[in-house]
Every structure is written in structure tokens, then in C-alpha cells.
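The values are calculated or read from the model by the stated rules, or taken from the named source; none is laboratory data. All values derive from a computational prediction rather than experimental measurement. A quick note on method: Cβ atoms are made from the backbone with ideal geometry, for glycine too, and the neighbour counts reach across all protein chains shown. Accessible surface areas use protein heavy atoms only, side chains included; no ligands, DNA or RNA. Shrake-Rupley method; radii C 1.70, N 1.55, O 1.52, S 1.80 Å.
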Amino acid sequence: MDQSMLIDEILARVAAKLAAAEDAPVTGEDPAGEPSAEKPGLLVLCQTEDQCCCQMLSSCALKERFNITCVCRPEETVDLSAQSCVVLCQLTNDVLSKLALGICDTPYARLASQAILMGKRVYVLTEQVELYRYATTAPAPYYAALEAHLNLLTASGVVICSQSNLELALTGDAAPAAKQPECPAPAPDPAPCGGAEKVLELNKRVLTERDVSNAAADKVTCIRLPAKCILTALAKDCAKDRGIRLELG
């Protein structure tokens, strides 16, 4: 075989190899069987071992949509760049204040702060916000100061939602905005003329989301509160969604 024929043979084989590579199907996994890099990551961050992690790992809908990583010992190395969403479990008042003030002196606070700074979708379970446990017992000024820290986080993009709604919020299968038209928001407006308004008077220092939800279940259209009552952000949102007017004074 002369030199020209040898070159032609080599070129033909290279062309065949390239054609075979282009026709190979994309399996979504690399040769080692690892999940596709295109599948977004979901990081569940806990200070200690928590049931929240187990629930996330047992969710078929979440496992189908995300590569889930549960970190119960935040000192472990975590690649936040590979994470699309971060769920913060066990948001104690200590961590809440640290995040709001930019104090990152623990691995948990450091990872949570970095996730917020990187613009990740960060979620916090309502049931695991320690501050809410003291809504009816804490002095109003002190509660308001801590709530201001929580409001700072939500204004920075952190989403607070109940555990029952978390899966839908993460997968995007049901957007909260789509449910709003079902709520009778316009109902309170005609009440003064029709005389059908139902008023609930509460003598509370702090109005919580649960108070508004209970009132909505009783078909209340207006809640009257003391002038110095503190309205939590979730309570305001719930009242707006349910079409309940809040009156202070």
C-alpha cells in the first residue's frame, strides 16, 4: 500500500469514528452511571440530623426532578455551585440573627449565607422557624426586632412556606399565584353596602398567619386589632390572599 492509499484509509477510519460518535444517543448519564449534570441540585441543610432530610429523600417527585444532597453536618464540603435550590431546616433565632447581620461563624450559617449571596432559591419551612413559636408570648418590641431579621431574609429572596407546600414550590407544579383567584379577595369591598360583613375582634399583641387562616375558615371579612398589635408578614399576605381587611385601633 503506497503512502497516498494509507492516508486515505486513515482519513476514512477517522470519518467513520466521528460519524459514530455523532449518532450515539444521549443517555442522560455519564459512563460511570452518575446522574446527568443537567439535573439541578437540591441541598437540604440541617444543623443536626432532622426528619426533614428523610422526607426529602423519600419524595419520588423531588428525586425525579433534582439531585438531592442532605447535609446534617455542615462541616462537610458542599459544592454550592452545583445546587439550584437550598432548603434551610432548623432556622433557630440564633441563626436567623446571624444571617441577617452577616455573621457567618458556623458552617451552617456560612453555607446558608453563601447560598443567599449566590442568588440560589432558598426555602425555609414555616414549621421550623423558631421565632414563630413565641408569637403569643414574646414582648412585642423584642418579637418585632427579630421579625425584622426574618423580613430582611424574605426581602432578599428567601421563601418561607409550609412543609405541605414545599414540594409543589420546589417542583413548580403548582404556583401559589395560580391559586389566588380562588380566594374571595373582592368579597370585603361590597360589605359596607350589603351589610354582610363579618367582623372578628382580637385582643392580641401579635397577629400570626394561623390567626388569619382560622378567621378565614369562619368566613370573617374583617379583623379588628389593638393599635399597637404587630402584624407579621405572613399574616398580612394571608389576609390579602383571603380578602380579609385588617383594622388597627
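How large is the accessible surface per residue of the range 71-149, computed with a 1.4 Å probe and reported in Å² as a whole number? Show your work: numbers first, answer last.
On the way: 3630 Å² over 79 residues.
Heavy-atom accessible area per residue stands at 46 Å².
With each pseudo-label sitting 7 Å past Cα toward Cβ, what's the Ser81-Lys219 distance in nm, one decimal?
Rounded to a tenth, the inter-label distance reads 5.9 nm.
Provide the net charge surrounding Tyr132, with neighbours chosen by a C-beta distance below 10 Å and charges set as Lys +1, Arg +1, Asp -1, Glu -1. Write out the running numbers ahead of the final one.
Details: positive: Arg133, Arg210; negative: Glu127, Glu130, Glu147, Glu209.
Taking every Cβ under 10 Å from that of Tyr132, the sum is -2.
Would you work out what percent of the accessible area of the range 90-166, with all protein chains in place, is carbon or sulfur (probe 1.4 Å)?
Details: 2130 of 3590 Å².
Ligands and nucleic acids excluded, carbon and sulfur reach 59 percent.
Using the heavy atoms of the protein chains alone and a 1.4 angstrom probe, what is the accessible area of the range 199-249 per residue in square angstrom? Display every interim value, and only then the final one.
Values: 2850 Å² over 51 residues.
Dividing the accessible area of the range 199-249 by its residue count gives 56 Å².
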